[in-house]
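The values are calculated or read from the model by the stated rules, or taken from the named source; none is laboratory data. These numbers come from a predicted model, not from an experiment. Cβ placement follows ideal geometry from the backbone for every residue including glycine, while neighbour counts extend to all protein chains displayed.
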Amino acid sequence: MGTFALGGLRFRGLSLVELMVASTLGLMLITLMMHVLLSAKRSLGLSETIARLGASGRFGLELLGNDVQRSGNLSIYGQVRKDPLGKLTVAGSLGPVEQAPRCVSSDSTWGRMIEQSLFGLNDTREGYDCIPKRDYLRGDILVARYLSSQIVGRNGLVNHGQQYDSARIYFRAGISESKIFIGSDRGEANNQVLSSLSSDHTLHSHAYYVSDSGRECQGLPIPGLFRETLSVSGRPRREELLSGVENIQFQYQVAGQYFNADDVGVWADVKAVRVWLLVRAECPEAAFVDRHTYVLGDHSFTPNTALKESHYRRRLFQRVVPIRNSG
């Protein structure tokens, strides 16, 4: 360390060696801090990805589970034809449609198959033309139909704060008879019921499936959970629900055993649905390799480590959902 004088005062300064040592230590400290910050950033990103996977999976299971449960509120109408003494009839200006494994976008028939409040397809979209081939990616399709819990009108009168859409499909529930109609026809004579106690509900029909979202991350497509739902015109309309869903599978409980959709004989006999939901991150991580095997019902998936599909973080969710009012 050198010294120098200024105005009779003596000052001590750093030597060149001391300055180089101090600079080196400073650079090492900065490098260490940068490493800590980058490591914290990666940890935060990983935590966010894991949290997002968990939130997406729970939301997806809740959404599917609620629809499966609510499909039971139409089960009574599916039992009428099986019971020769059944007094309940369903008619109206639209009326119900005979159940069939089909869906078209050109009319409202799909939404009115109320005798089949629950239905599924096993790893195919066959017969479901309302889901174009380009939109179907993989996995099962689950169909659920039910009445909204919200009452639009009661005894022919509109409830406060509610309104009827002119072309939307509604269900008028009475004690011994019910009617299916569009909003503009609610006052027609053939849509009236004899019972003085009746309530009008929106009729819902949903078909869940996995599709390409149309978005990309690092040039790779992002899949998602979609559904066909009834629009205000009463026809199927595509709707995106959840990003990152890679596959969905379902099995159906009949007489205490679980079956794939292909093996279900009478859909009204289904008492519960087992749901599998495989969710992945939207973007791959170059340093991460997924070597897990995921088993979803009759389907298993192991990422190919030679492809970028192995660089996604994934999480598998499953749940058994009982059907309300299934008898």
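Could you check segment 216-242 and list, in sequence order, the residues that are among the small types (Gly, Ala, Ser) and surrounded by 16 or more Cβ atoms within 10 Å (Cβ to Cβ)?
If the condition is that a residue be among the small types (Gly, Ala, Ser) and surrounded by 16 or more Cβ atoms within 10 Å (Cβ to Cβ), then 224, 231, 234 are the ones that fit.
Filter segment 295-325 down to residues that are closer than 21 Å to residue 215 by Cβ, of a type in the set (Lys, Arg) and assigned to a loop (DSSP other than H, G, I, E, B), then give me how many there are.
1
Here are some conditions: (1) in a loop (DSSP other than H, G, I, E, B); (2) modelled with pLDDT under 95. Residue 292 meets all but one. Which one does it not meet?
(2)
So, in segment 138-168, of the ones that are surrounded by fewer than 22 Cβ atoms within 10 Å (Cβ to Cβ) and among the basic types (Lys, Arg), which residue ends up nearest to residue 108 (Cα to Cα)?
If we take residues in segment 138-168 being surrounded by fewer than 22 Cβ atoms within 10 Å (Cβ to Cβ) and among the basic types (Lys, Arg), then 168 is nearest to residue 108 (Cα to Cα).
Examine segment 62-74 for a residue that is under 30 Å from residue 150 (Cα atoms), modelled with pLDDT under 80 and surrounded by 14 or more Cβ atoms within 10 Å (Cβ to Cβ), and state whether such a residue exists.
Yes, there is a match, as at least one residue in segment 62-74 is under 30 Å from residue 150 (Cα atoms), modelled with pLDDT under 80 and surrounded by 14 or more Cβ atoms within 10 Å (Cβ to Cβ).
With the requirement that a residue be of a type in the set (Phe, Trp, Tyr) and more than 19 Å from residue 168 (Cβ to Cβ), what does segment 102-121 give you?
119 - this is the single residue of segment 102-121 that is of a type in the set (Phe, Trp, Tyr) and more than 19 Å from residue 168 (Cβ to Cβ).
Taking only pairs six or more apart or across chains, which ones have beta-carbon atoms under 8 Å, a first residue in segment 88-107 that is within 16 Å of residue 167 (Cβ to Cβ), and a second residue that is in a loop (DSSP other than H, G, I, E, B) and of a type in the set (Lys, Arg)?
Short answer, once both residue conditions are applied: 105/235; 106/235; 107/235.
Could you check how many residues of segment 108-127 are more than 25 Å from residue 91 (Cα to Cα), in contact (Cβ under 8 Å) with a residue 24 or more places away in the chain and not acidic (Asp, Glu)?
5
For the list (1) over 30 Å from residue 288 (Cβ atoms); (2) of a type in the set (Ser, Thr, Tyr); (3) loosely packed, with under 13 Cβ neighbours inside 10 Å; (4) at pLDDT below 80, I need the number of the one condition that residue 24 fails.
Condition not satisfied by residue 24: (4).
Could you check segment 169-198 and list, in sequence order, the residues that are closer than 11 Å to residue 94 by Cα and either among the β-branched types (Val, Ile, Thr) or surrounded by fewer than 13 Cβ atoms within 10 Å (Cβ to Cβ) (or both)?
Once the filter is applied, which keeps residues that are closer than 11 Å to residue 94 by Cα and either among the β-branched types (Val, Ile, Thr) or surrounded by fewer than 13 Cβ atoms within 10 Å (Cβ to Cβ) (or both), segment 169-198 yields 169, 180, 182, 190.
Working only within segment 259-284, note down all residues that are acidic (Asp, Glu) and over 20 Å from residue 317 (Cα atoms).
Scanning segment 259-284 gives 262, 263, 269.
Among the residues of segment 288-320, which ones are in contact (Cβ under 8 Å) with a residue 12 or more places away in the chain, over 30 Å from residue 116 (Cα atoms) and not charged (D, E, K, R)?
Hits for segment 288-320 are 288, 289, 292, 294, 301, 303, 305, 310, 311, 312.
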